[in-house]
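I have placed the structure first, in the form of structure tokens, so that the comments after it can refer back to it.
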């Protein structure tokens with residue numbers, strides 16, 4: 001055993017020989033501030049040197065009481081402060097039996113001078129007491145120096161090795177259990193990312209087209225594995241770079257083609273698309289448009305769209321989502337809408353407009369959906385869908401007027417006689433083609449691209465806006481081919497419905513049928529322009545009101561004498577050309593197929609002009625006035641003061657100030673005063689600017705204000721203008737969503753889940769935003785949950 005006079009201090013960083021003075025060792029050391037002297041009482045750390053944090057330092061501890069020095073190790077926690085010490089001279093003793101070289105052999109070993117015992121650091125750290133040789137390396141310490149073979153026994157046991165592995169994983173930064181189980185190279189991660197990107201691109205193409213991803217049989221032997229696998233396989237066959245990483249060349253447990261992976265990627269696509277919509281909305285106010293309808297699986301679905309003014313001043317309507325509802329009560333619908341908005345961090349308090357159809361559960365004054373929303377947001381004013389009201393007006397005229405009702409019954413008989421058989425429809429196509437050829441030879445029609453297209457006979461529907469007008473228009477345009485087909489069907493005794501065809505032909509060739517067809521075609525023609533205008537995405541309510549007034553004016557002009565004479569001349573010319581008997585207006589009316597007692601001594605003039613012509617037009621005007629009762633409300637009257645036509649001729653400052661008071665939460669008392677000042681400056685500014693003289697409606701006004709940066713100058717005026725633009729006109733965007741729903745969830749995909757259906761609809765409907773989503777954003781969202789491969 002060495003004496004203290006022969007001590008050589010071995011250092012891991014550097015070495016310095018101690019000076020021997022008598023029987024004591026003297027050395028200058030660095031005292032670390034993180035080591036408490038009380039831990040070893042009278043021990044003097046001889047071997048400290050200046051070092052970096054985290055560096056292991058070999059030290060020599062001198063025990064005054066036991067007159068011995070041993071080697072220990074610490075982990076430095078910070079910078080050192082040098083200090084010098086001398087060993088006491090009066091103590092002369094020997095070394096303990098612990099051998100310092102054991103530290104080099106067993107990296108896990110720790111020694112306590114105070115207890116004169118050895119410990120296992122990793123087992124102590126993870127509370128591992130199941131080691132071979134007992135738990136002495138954890139509790140109490142090992143001090144059987146004559147049985148040092150137990151060091152090897154402990155170091156090789158399974159329990160210690162597991163603790164050592166946990167320690168290594170914990171001490172190395174940027175590692176995890178998953179990485180330890182499967183270590184991937186940079187090249188393998190790059191191949192994984194490429195494989196993921198190719199799968200994503202296939203899904204993006206399928207989503208834009210609204211197609212199904214899965215096939216009926218996706219096995220390797222299948223000839224049609226579905227759109228996704230077939231498209232990915234086509235890419236692999238066409239491009240060698242794709243083929244290297246996908247399908248057969250991909251790891252069996254990481255092909256990224258399973259239905260679960262597809263649904264997760266589609267969900268990421270939908271969320272990133274909706275995220276862009278919400279970012280485009282920002283913190284601004286919005287209006288909601290909602291409607292419910294059943295899908296092909298007979299599940300009630302609620303579709304929700306939002307209407308807002310974007311950063312460029314444009315009015316936009318965006319599809320937010322679709323959700324399944326158990327029933328259509330107002331409370332259920334309100335909860336579904338609130339949950340859908342909360343999923344996208346939107347609040348009911350930010351709603352400034354509501355647009356629904358006219359059902360009682362929607363517009364009920366006491367328990368309707370609009371009342372429930374207005375309880376939380378009083379400025380969320382409800383507007384009954386204008387296009388829906390217009391359709392109700394047309395249907396009301398058709399059902400309540402006896403002449404219109406009789407006409408549509410005859411029309412239904414005609415459509416049934418031809419449309420219920422594929423053979424008869426083919427006969428109609430042939431007759432139509434022959435008629436076009438004949439008309440071209442006579443010079444009655446012109447040839448050209450897009451002209452003389454084949455037309456069908458669709459049945460009018462109450463829920464299909466504009467379908468009545470389209471059906472009647474096709475009957476007039478295809479009059480000759482229809483009459484020819486009905487004649488062939490009636491003359492052939494082999495047809496079972498030849499009698500119905502003769503009855504339909506009889507009504508078709510009557511002057512009364514032609515008269516009503518032309519009258520309804522004229523009325524529906526005026527209203528169809530309004531119907532198409534109302535369904536525009538950027539239509540504003542002020543312009544919609546002016547279009548309604550214009551339609552009423554056109555109908556009032558039609559009922560005047562000049563309108564009657566011009567209309568009668570057109571009907572007479574049509575009948576003469578097709579050899580239909582035209583009655584003398586001064587003769588007594590003869591009812592065909594009706595009771596003669598109702599028309600005693602009634603002239604044709606009175607019957608066709610007063611009962612039919614004026615009666616139907618007056619009924620139409622009355623329905624327009626009754627249905628569009630919102631036009632007469634103060635809110636919309638004040639809004640009309642924003643109309644920019646004729647250099648803002650309708651501008652009225654007092655009305656606009658009254659309009660601002662409809663939004664008390666948006667305009668405080670101070671802001672109202674500032675709005676009053678800005679309105680005066682605003683009208684002077686825009687009337688003196690040449691760029692604003694061609695503006696036709698407030699939607700164009702909003703865009704131009706942003707383009708000229710005047711929206712910042714007149715901030716409160718622009719704020720009021722946006723609130724006006726938020727009020728919805730029609731629920732056409734919701735109806736388009738239901739059309740997309742029928743396309744995506746068809747008979748072959750009728751069992752789609754609610755979340756999966758919504759995820760497929762969002763990218764399909766909002767293609768504009770979906771195309772702007774970057775692949776990296778979708779991949780980043782997909783990789784957020786723990787994956788087999790971490791990029």
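Observations
- No other residue among 289, 276, 256 is in a helix (DSSP H, G or I) and either under 14 Å from residue 198 (Cα atoms) or touching a residue at least 12 places away in the same chain (Cβ under 8 Å) (or both) apart from 276.
- Hits in the range 365-380 - residues which are buried (at least 20 other Cβ atoms within 10 Å of the Cβ) and part of a loop (DSSP other than H, G, I, E, B): 368, 380
- Taking the range 742-789 as the region of interest, the helices (runs of 4 or more DSSP H) fully inside it that hold 2 or more residues being under 21 Å from residue 256 (Cα atoms) are 754-765, 775-783.
- Condition met for residue 670 (modelled with pLDDT of 90 or more and out of contact with any helix residue (DSSP H, G or I) (no Cβ under 9 Å at 6 or more places or on another chain)): yes
- Contact annotation: residue pairs with Cβ atoms under 6 Å, 6 or more positions apart or on different chains, pairing a residue in the range 585-604 that is over 19 Å from residue 407 (Cβ atoms) with a partner that is modelled with pLDDT of 85 or more and assigned to a helix (DSSP H, G or I), are 585/604; 585/605; 587/604.
- For the range 317-355, the set of residues classified as free of Cβ contacts under 8 Å to residues at least 60 places away in the same chain, more than 14 Å from residue 377 (Cβ to Cβ) and touching a strand residue (DSSP E or B) at 6+ places or on another chain (Cβ under 8 Å) consists of 320, 325, 326, 327, 328, 333, 336, 339, 340, 343, listed by residue number.
- Residues located in the range 460-477, provided they are in contact with a helix residue (DSSP H, G or I) (Cβ under 6 Å, 6 or more places away or on another chain) and part of a loop (DSSP other than H, G, I, E, B): 460, 461, 462, 465, 466
- Output for the range 656-709, where each listed residue is over 25 Å from residue 537 (Cα atoms), over 32 Å from the mean Cα position of the chain (by Cα), in contact (Cβ under 8 Å) with a residue 12 or more places away in the chain and assigned to a loop (DSSP other than H, G, I, E, B): 689
- Residue count for the range 287-303, restricted to those that are surrounded by fewer than 21 Cβ atoms within 10 Å (Cβ to Cβ) and touching a helix residue (DSSP H, G or I) at 6+ places or on another chain (Cβ under 9 Å): 5.
So that you can scan it fast, the table gives a plain yes or no per residue for (1) surrounded by fewer than 16 Cβ atoms within 10 Å (Cβ to Cβ); (2) under 23 Å from residue 775 (Cα atoms); (3) at pLDDT 80 or above:
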{"site": "140", "(1), (2), (3)": "yes, no, no"}
{"site": "147", "(1), (2), (3)": "yes, no, no"}
{"site": "165", "(1), (2), (3)": "yes, no, yes"}
{"site": "171", "(1), (2), (3)": "yes, no, no"}
{"site": "177", "(1), (2), (3)": "yes, no, no"}
{"site": "187", "(1), (2), (3)": "yes, yes, yes"}
{"site": "191", "(1), (2), (3)": "no, yes, yes"}
{"site": "199", "(1), (2), (3)": "no, yes, yes"}
{"site": "203", "(1), (2), (3)": "no, yes, yes"}
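- Residue in the range 770-778 that is surrounded by 13 or more Cβ atoms within 10 Å (Cβ to Cβ), out of contact with any strand residue (DSSP E or B) (no Cβ under 7 Å at 6 or more places or on another chain) and under 14 Å from residue 296 (Cβ atoms) present: no
The values are calculated or read from the model by the stated rules, or taken from the named source; none is laboratory data. Just so we're clear, the structure is a prediction, and the values are computed from it rather than from any experiment. Here Cβ is always computed from backbone atoms with ideal geometry, including for glycine, and neighbour counts include all displayed protein chains.
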